[in-house]
Amino acid sequence: LISLSLSLINPSTKRSLHTEQKARSNNTRMLEKVETFDMNRVIDEFDEMTRNADQVQKQTLQEILLKNKSAVYLQNFGLNGNATDPEEAFKSMVPLVTDVELEPYIKRMVDGDTSPILTGHPVPAISLSSGTSQGRPKFIPFTDELMENTLQLFRTAFAFRNREFPIDDTGRALQFIFSSKQYTSTGGVPIGTATTNVYRNPNFKAGMKSITSLCCSPDEVIFSPDVHQALYCHLLSGILFRDQVQYVFAVFAHGLVHAFRTFEQVWEEILTDIKDGVLSSRITVPSVRAAMSKLLTPNPELAETIRNKCMSLSNWYGLIPALFPNAKYVYGIMTGSMEPYVHKLRHYAGDLPLVSHDYGSSEGWIAANVTPRLSPEEATFAVIPNLGYFEFLPVSETGEGEEKPVGLTEVKIGEEYEVVITNYAGLYRYRLGDVVKITGFYNNTPLLKFICRRNLILSINIDKNTERDLQLSVDFAAKRLSEEKIEVIDFSSHIDVSKDPGHYAIFWEISGEANEDVLQDCCNCLDRGFIDAGYSSSRKCKTIGALELKVVGKGTFQKIQEHFLGLGSSAGQFKMPRCVKPSNAKVLQILCDNVVSRYFSTAFD
């Protein structure tokens, strides 16, 4: 099929498809034998592929359909691999779907059905999403092709990042990564979070060896069953290798902020470990304790150096470069629901650049950060055309009706779309729920800026407020709080319809004590911060009640994280739910049980 297709297209496109096949072949070879990383070659191949993005997309779809032509799901829609125009047949015969439509098929796979359900071959593992949006994790097929895609994206992003911020071959990385346990379903299928399936994949280490610095922490820390002990040991390991640390990484900005907030609490205990050369008694996991003890020898000079550094800081500003003087940047996902943590992360990072990680989801990777010097607020991501087949569903401003999705190269600059993905792991025309804005093109592949999740999270009457609208409202109100030298540590929301009319309830955890007048001002700012016309008009005519600000006690949002970790989420994959729905009763209970004060808005009185 590939040879036939190549004979029908022009020479420049042939080169791009050979490049794509070469890239996949390189990935396969990489799994067998570690190659020397060639930054310029990787960038050149990406440039050639993106110049011919349209044809690469067609070929990628053909390859997906060919590999999975025996899948029951595709055959149910009449696709058997014999269409004259596979792309047109696919789009006309296979409907757009969400996880709800695919859930029965994936359940069969989880239950051990090895027939070709969504894919041509049984999947080796199932991934769990974070589960914070719906209160329960989703099951998502994980295949060898997704592993290859992960390695390809990491190599591409590393090439562009290393061109801007070269790192030493002998350096190390402080990586706050946590691999939760895989478990086996009743049907015998390994199940774990997407990050766990990647980290535990036997090809991961070999594939990453040429593009990542040696991790400061031993493997036993990464795979520790206790995330609190693991975090402590990550911090301790980083300081032991402080002069070698080239960059600091966590999957999410939340993880980075949480790590250094934790350091504020445990730094003196860490320094005692370093000074005496004896690991804290808080570390009780035998494998972790044994691995960390091998790293420790009494080092009072290092302990005193770190003590002096910490004591010289003003409110911990510039903590990261103070601890790690040779670090080049701080790296992690900092867009979307992670934006609220960027301000605090920048405080810890001082003058160090914040580099946004690439764009993807538990369902698969989509785009790489090829402009790593852009701030998190400006970050855009270039779609990698051979990671899947991508469509973009125009987002209607009115929300009425629905246009047809357009292809990767048909999107328009300045427009917003919902991402629709077809991948090698059995997701076909799958609505991801992410809204992105097209900011430009890298050659012929679009540059995406993440805007928000599409689903409305706050709506009572004719009001329509998304996660992004909530974040803007919180940012607006937090400015008033910052005047008192207090910050919002974390936040969430809930639609309270226990009384008529219903109203928005916003939960805040804050860093200090604020007087009632200040918090009342913040409450009013939150109310005015929702600029949606449907909301403001409903507030004015009293069809939506006064917004309620509920201040919760210290550590409340940490309890929510603990709840999700107990459900199987990975510490590295956790995202705070920004709107707590009725189905998420346990999280709502945690929030309500920890309310210490509440205020009702008078903004529309």
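Whenever a residue of the range 403-428 is assigned to a strand (DSSP E or B) and of a type in the set (D, E, K, R), its partners that are modelled with pLDDT of 90 or more and open to solvent by less than 40 Å² (accessible area, probe 1.4 Å), lying with C-beta atoms within less than 6 angstrom and at least six residues away or across chains, give the pairs E418/L393. Is it true that E20 is among the acidic types (D, E), within 30 Å of I167 (Cβ to Cβ), open to solvent by less than 60 Å² (accessible area, probe 1.4 Å) and at pLDDT below 85? Spelling it out, E20 is indeed among the acidic types (D, E), within 30 Å of I167 (Cβ to Cβ), open to solvent by less than 60 Å² (accessible area, probe 1.4 Å) and at pLDDT below 85.
Selection within the range 63-115: residues that are in a helix (DSSP H, G or I) and aromatic (F, W, Y). The member of this set that is modelled with the lowest pLDDT is Y105. Those helices (runs of 4 or more DSSP H) of the range 130-218 in which 2 or more residues are modelled with pLDDT of 80 or more and either open to solvent by less than 30 Å² (accessible area, probe 1.4 Å) or closer than 19 Å to V248 by Cβ (or both) occupy 144-164. In the range 498-605, counting only strands (runs of 3 or more DSSP E) that sit wholly within it, the ones holding 1 or more residues that are open to solvent by less than 10 Å² (accessible area, probe 1.4 Å) and in contact (Cβ under 8 Å) with a residue 24 or more places away in the chain span 503-510, 548-552.
Suppose we filter S375, S356 for residues that are crowded, with 21+ Cβ neighbours inside 10 Å, without any contact (Cβ under 8 Å) to a residue 40 or more places away in the chain, polar (S, T, N, Q) and more than 27 Å from D226 (Cα to Cα); which single one remains?
Only one candidate passes the filter, namely S356.
Candidates are the residues of the range 442-478 that are of a type outside the set (S, T, N, Q), within 18 Å of D496 (Cα to Cα) and part of a loop (DSSP other than H, G, I, E, B); the one that is least open to solvent (accessible area, probe 1.4 Å) is D463. Among the residues examined, K294 qualifies as within 30 Å of P225 (Cα to Cα) and surrounded by fewer than 15 Cβ atoms within 10 Å (Cβ to Cβ). Number of residues in the range 267-325 that are in contact with a Ser or Thr (Cβ under 6 Å, 6 or more places away or on another chain), of a type in the set (A, V, I, L, M) and part of a loop (DSSP other than H, G, I, E, B): the value is 2. The residue pairs whose first member lies in the range 308-337 and is under 27 Å from F381 (Cα atoms), whose second member is of a type in the set (S, T, Y) and part of a helix (DSSP H, G or I), and whose beta carbons are closer than 7 Å, counting only pairs six or more residues apart or on different chains, are I320/Y348.
The values are calculated or read from the model by the stated rules, or taken from the named source; none is laboratory data. Predicted, not measured: the structure shown is a model, and the values here were computed from it. As a convention, Cβ positions derive from the backbone with ideal geometry for all residues, glycine included, and neighbour counts pool all protein chains shown. Quick note on the areas: whole protein, heavy atoms, side chains included, nothing else; ligands and nucleic acids left out. Shrake-Rupley method; radii C 1.70, N 1.55, O 1.52, S 1.80 Å.
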